Amino acid sequence: MLFRHRRNPDRRRPRSLPSWRYRIAGLAAAALALSFLQANVGNAAAERAAADATPKAAADVVRVAEFLAECPYTHRLPDDPIVFPGLPGASHMHSFFGNDTTHAGSDLASLEKGRTSCAPDTDLSSYWVPTLYDGDKEVEPTGTTFYYLGEGVSDDVIRRIEPFPRGLRIVAGNAKATGPQDNTIARWSCLHAGEVNPSQNFVNCPPGTMMESYLDFPQCWNGTDLDSPDHKSHMAYPVNGGCPSTHPVPVPKLRQVLRYPVNGDPARFRLASGPGYTMHGDFFNVWPEEEMAQRVRDCINAIVKCGFDGKP
């Protein structure tokens, strides 16, 4: 009788998981969800980082072998440290761009200590041309771009182009030309006026436009000399897409593009050296070797259009 009212222990609560087990199961599920979320966020971040680090897609790269320097006007002097070294005042008037210390006595060592107007500011090179006059007034270009190109030679030669050696001096054009036929390298045109045909002499640009000067420097080097007695024979222009055996080393083609804020009657204009067909340019290479080498490798050899920073 004493045991008649004893309760069955199995009837105290329904058969189910104890409450502490519910809590543990809930915590485990939350941890699993959090881990999954963190993994997805981490993967997304990694994908974004990988995308940022990925080079430009092939479709975004312009297949032109080129880098450039923008080098505004710095000063004017009747000096020429290539043709008349150490002789101040011996030359006609020149307008200088880039290295702002250039004068008749400049050499590689002095130019390396100078400052530059160029972008990039690693380019300490000196560039100069005969000063342009509108009547008796000097006119300086407001656009001064110096392109380093791989054009003019075949693709296999482009891939073999070497950097300019430090201290290389080049003169292009003909300061002593007596007619347009004596200087077919230099040419004049009009910015935003394609209807005006380019010419070796000055052109009549319509109102609202600017007169441009284009000059291509030779791109084949003899591999030995940084200069020559006539300041030209150590360099040569390519023939049939390649460099001649006398000048076997391909280097970048320097293209000088100057934009002058003048237009109208070309009879008003003259250069310090004479008519428009006497246009010529001088280049004294003072690029740091590693900066020039990187641009030649990544832009010219790779046939990729780069900006002044040396990147696509």
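The values are calculated or read from the model by the stated rules, or taken from the named source; none is laboratory data. This structure is a prediction, so every number in the text was calculated from the model and none was measured. Please note that ligands, DNA and RNA were not included when accessible areas were found on the heavy atoms of the full protein model with its side chains. Shrake-Rupley method; radii C 1.70, N 1.55, O 1.52, S 1.80 Å.
For the stretch 67-219, which whole-number percentage of the solvent-accessible area (1.4 Å probe, protein heavy atoms only) is attributable to carbon and sulfur atoms? Result for the stretch 67-219: 51 percent of the exposed heavy-atom area is carbon or sulfur.
Translational diffusion coefficient, Stokes-Einstein: compute it for the stretch 190-235 using the Kirkwood radius over C-alpha pairs as Rh, at 20 °C and 1.002 mPa s, and state it as an integer in µm² s⁻¹.
Values: Rh = 13.4 Å.
My calculation gives 159 µm²/s for D.
Sorted largest first, the spans of the alpha carbon positions of the stretch 79-133 along the three principal axes are 30, 27, 12 Å. Compared with the alpha-carbon gap, the fully stretched path from residue 245 to residue 61 is longer by 62.9 nm at 0.36 nm per residue.
From the cross-link list 113/311; 253/311; 232/311; 176/305; 137/311; 113/253, which pairs have alpha carbons spaced over 29 Å apart?
Values: 113/311 26 Å; 253/311 18 Å; 232/311 31 Å; 176/305 35 Å; 137/311 39 Å; 113/253 26 Å.
Beyond 29 Å between Cα atoms: 232/311; 176/305; 137/311.
With a 1.4 Å probe and all protein chains kept in place, how do 113, 137, 305 rank by accessible area, largest first?
Working: 113 175, 137 140, 305 85 Å².
Solvent-accessible surface, decreasing: 113, 137, 305.
Could you tell me how many cubic angstrom of Cα convex hull volume the stretch 199-283 has per residue? Mind showing how you got there, number by number?
Working: hull volume 9.9 nm³, N = 85.
Enclosed volume per residue, from the Cα hull, is 117 Å³.
For the pair the stretch 60-94 / the stretch 275-289, the C-alpha centres are spaced 5 Å from each other. Take the stretch 78-173 with all the other protein chains still there, run a 1.4 Å probe, and you get 39 Å² of accessible area per residue.
Going from most exposed to least, what order do 112, 291, 212 have by accessible area with a 1.4 Å probe? Working shown, then result.
Details: 112 80, 291 50, 212 10 Å².
Most to least solvent-accessible, the answer reads 112, 291, 212.
Determine the share of the stretch 236-293's accessible area contributed by carbon and sulfur atoms, expressed in whole percent, with a 1.4 angstrom probe.
Numbers: 1080 of 2090 Å².
Carbon and sulfur atoms account for 51 percent of the accessible area of the stretch 236-293.
Semi-axes of the equivalent ellipsoid of the stretch 158-312 are 30, 20, 13 Å, computed as sqrt(5λ) over the eigenvalues of the C-alpha gyration tensor in descending order. Note that the stretch 201-281 presents 38 Å² accessible area per residue, ligands and nucleic acids not counted, probe 1.4 Å.
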